[in-house]
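First up is the structure itself, then whatever we jot down about it.
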Amino acid sequence: MGGYLYPFMNEVYVYIHIPFCEKKCIYCDFLSIAGKSIEKEYFQSLTRDIESSDILKSSVVKTVYFGGGTPSYVDERYIEKTLNTVAKTSKAFNPEEITIELNPESTDKNKISFYRSIGVNRASLGVQAMDDVVLNISGRIHDAAQAQRAASLLRKSFDNLNLDFIVGLPKSSMKTVKENLKLIEKVNPDHVSVYMLEVHKETPLFSLLKRGKIRLPSDDEMAEMFDFMMEGLKGLGFERYEISNFAKEGKRSLHNLSYWLSKDYIGFGASAGGHVGNYRYVKTLNIKEYIENPFALSYENHNTDCEEFKETLFMGLRLIEGLSIKDLEKRFSNLLEGFLMYISGDELFSIEDGRVKLSTIGLDFSSIAFEKIVGWNCE
Ligand code: SF4
């Protein structure tokens, strides 16, 4: 309907960052702080930020995504107010998908019905691991039973539900992965995200590892767990459509597809990123600074065609079906041929049926494939 009624308007995908959590997890490098004593001030700045967006004022909103942090941790009336501000400010508000991220400990019936009443139609629950030992050592504040309860409650109210998992957390094993799959079988979500644990500097996990206080599964164990999870999901009717994402038919994440397909998306809130045309930006990474000045940026760049092409490849080659060569030709006609020659014969890539994508080996070694793209000189 949006495309028909508003044929001359830009379409945008809107991300809103909520940087508050009850407690920090030891592996987390997302921008968030423990506690919500400054939520009022933060949401005031968020409103200012949204109301001042010229892009929003001239665009039709396709999706809204509340991510974090833990959006379900803050007072739900702030979510309502923020959504109303997006709707009022945009030229046309006609989202097919409005997602909110939740954590098990802050999911309850009242919140769920409130979210549904304001138009949220997709829920994304952070389960991470169905294993109390793993959850506890990772600094999560819920246990597996709470995750199961929250997932079942959400299943009753949402016909579009995602569950998030992390493979490779400390103390995790094949037993953890089997319990994850049991939950998925029982709850039957529409979408599952499975991330491999990444260890970031500046996190407690990093220093615990450095001091030998904690141990992670080996690379082989991690790969075995990820493969088992992947096979299990396949058996349960999920299609792997992105390196870390699995969906039932018709349930791919519309919002995340806007990133992978390098569409125009705008981000509000500290650390939120945006991409409009060749312009990419990231908001300030400092919450206090955001409260003082919601327009402060930590990064911005008007990409050259070469930079834009590479970023389009980094994102798009995460999709299992890769990118359409015809679509790339429209945007990057002067660069495409050189790139296709650069990767021709490389076992990490494949070119078939008019698409360029990572090969099966490339999917297993995606970081090497992406490094190869970085090394390509297209300026
Ligand atoms: S709940 Fe999520 S955002 Fe918050 S600290 Fe844990 S991993 Fe980070």
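The values are calculated or read from the model by the stated rules, or taken from the named source; none is laboratory data. Since the model is a prediction, treat every value here as computed from it, not as a measurement. Cβ: placed from backbone, ideal geometry, glycine included. Neighbour counts: every protein chain shown. SASA here: full protein model, heavy atoms, side chains in, ligands and nucleic acids out. Shrake-Rupley method; radii C 1.70, N 1.55, O 1.52, S 1.80 Å.
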Margin query: Condition first: more than 22 Å from residue 36 (Cβ to Cβ) and buried (at least 22 other Cβ atoms within 10 Å of the Cβ). Can you find one or more residues in the range 104-126 that meet it?
Written below: yes
Notebook entry, point to check: open to solvent by less than 40 Å² (accessible area, probe 1.4 Å) and over 25 Å from residue 31 (Cβ atoms) - does that describe any residue in the range 282-302?
Noted result: no
Check: So residue 83 clears everything in (1) more than 16 Å from the ligand (Cβ to nearest atom); (2) free of Cβ contacts under 8 Å to residues at least 60 places away in the same chain; (3) over 22 Å from the mean Cα position of the chain (by Cα) except one condition, right? Which one?
Finding: (3)
Next item on the list: Report, ordered by the first and then the second residue, all pairs with beta carbons closer than 9 Å, sequence separation of six or more or different chains, a first member in the range 200-216 that is outside any loop (DSSP other than H, G, I, E, B), and a second member that is of a type in the set (S, T, N, Q).
Entry: 205/138
Next item on the list: Mind listing whichever residues of the range 196-225 are farther than 18 Å from residue 132 by Cα and open to solvent by 90 Å² or more (accessible area, probe 1.4 Å)?
Entry: 198, 201, 202, 210, 211, 213, 219, 220, 224
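Select the strands (runs of 3 or more DSSP E) contained entirely in the range 1-108, then report the ones holding at least 2 residues which are of a type in the set (Ser, Thr, Tyr). Write out each step before concluding.
Working: elements: 10-18, 59-68, 92-102.
Strands (runs of 3 or more DSSP E) meeting the threshold: 10-18, 59-68.
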Margin query: Going through 353, 346, 327, 364 one at a time, which residue ends up being outside the structural domain of residue 195 (by TED's automatic domain parsing), in contact with a Ser or Thr (Cβ under 9 Å, 6 or more places away or on another chain) and among the acidic types (Asp, Glu)?
Written below: 346
Notebook entry, point to check: When you scan the range 248-272, how many residues do you find that are surrounded by fewer than 21 Cβ atoms within 10 Å (Cβ to Cβ), among the hydrophobic types (A, V, I, L, M, F, W, C) and not in a loop (DSSP other than H, G, I, E, B)?
Noted result: 2
Checklist line | Residue ID - most open to solvent (accessible area, probe 1.4 Å), chosen from residues in the range 29-51 that are within 12 Å of the ligand (Cβ to nearest atom) and hydrophobic (A, V, I, L, M, F, W, C) | finding: 30
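I'd like the full set of residues that are open to solvent by 60 Å² or more (accessible area, probe 1.4 Å) and part of a loop (DSSP other than H, G, I, E, B), limited to the range 127-142. Reasoning before the result, please.
Filtering the range 127-142 for residues open to solvent by 60 Å² or more (accessible area, probe 1.4 Å) gives 132-133, 136, 141.
Hit for the range 127-142 is 141, nothing else.
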Check: List the pairs whose first member sits in the range 354-379 and is closer than 15 Å to residue 244 by Cβ and at pLDDT below 95, whose second member is open to solvent by 30 Å² or more (accessible area, probe 1.4 Å) and in a helix (DSSP H, G or I), and whose Cβ atoms are under 9 Å apart, counting only residues at least 6 apart or on separate chains?
Finding: 364/223
Note to self: Just to verify a result, which residue in the range 339-371, among those that are aliphatic (A, V, I, L, M) and not in a helix (DSSP H, G or I), is nearest to residue 329 (Cα to Cα)?
What the structure shows: 356
